[in-house]
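Participant: The structure's right below; bear with me while I get my questions together.
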Amino acid sequence: MLVRQLSETACVEGQTWGSRDGGVWVRGGCRGEFAAADWGGRSPGYGRTVVCESVEQRLNRCNWDPRWGRPALIDQLSQDSCREGRSWGYDGREIWVDRGCRGRFGAR
């Protein structure tokens, strides 16, 4: 899974990155930090996800239960880049997205 996008170019699973035979492949300028998708049940939020979307490039906020732990980007669902601190973030109670980012978030 994509944990954090490092490139300006969008990292879209199946298009600019994917996994095969226990490894990760990237192309088209995608750079990111990747981790195994098995959360291991360590977080109270294990298995819970939230989809949050910036509509028309505008800021949006989505509820996140802080008891689940800190959210991480699991899947980028938009062509627009989802970069933590730039187009998405977490303020302790809500996930915020901006600049066209649409993603599925899960507990770290």
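Participant: Please count how many residues of segment 81-108 are in contact with a Lys or Arg (Cβ under 6 Å, 6 or more places away or on another chain), modelled with pLDDT of 95 or more and part of a loop (DSSP other than H, G, I, E, B).
Facilitator: 1
Participant: State all residues of segment 1-50 that are under 17 Å from GLY89 (Cα atoms), modelled with pLDDT of 85 or more, open to solvent by 50 Å² or more (accessible area, probe 1.4 Å) and not hydroxyl-bearing (Ser, Thr, Tyr); if no residue qualifies, say none.
Facilitator: Listed by number, the residues that qualify are LEU6, GLU8.
Participant: Go through segment 65-77 and give me each residue that's open to solvent by less than 10 Å² (accessible area, probe 1.4 Å) and over 9 Å from the mean Cα position of the chain (by Cα).
Facilitator: none
Participant: Moving to a separate point now. May I ask you to list the residues in segment 81-102 that are open to solvent by 60 Å² or more (accessible area, probe 1.4 Å) and touching a residue at least 24 places away in the same chain (Cβ under 8 Å)?
Facilitator: ARG93, ARG99, ARG102
The values are calculated or read from the model by the stated rules, or taken from the named source; none is laboratory data. All values reported here derive from a predicted model rather than from experimental measurement. Every residue, glycine as well, gets a Cβ built from its backbone with ideal geometry; the counts of neighbours run over all protein chains shown. We work out accessible area using only protein heavy atoms, side chains counted, and drop any ligands, DNA or RNA first. Shrake-Rupley method; radii C 1.70, N 1.55, O 1.52, S 1.80 Å.
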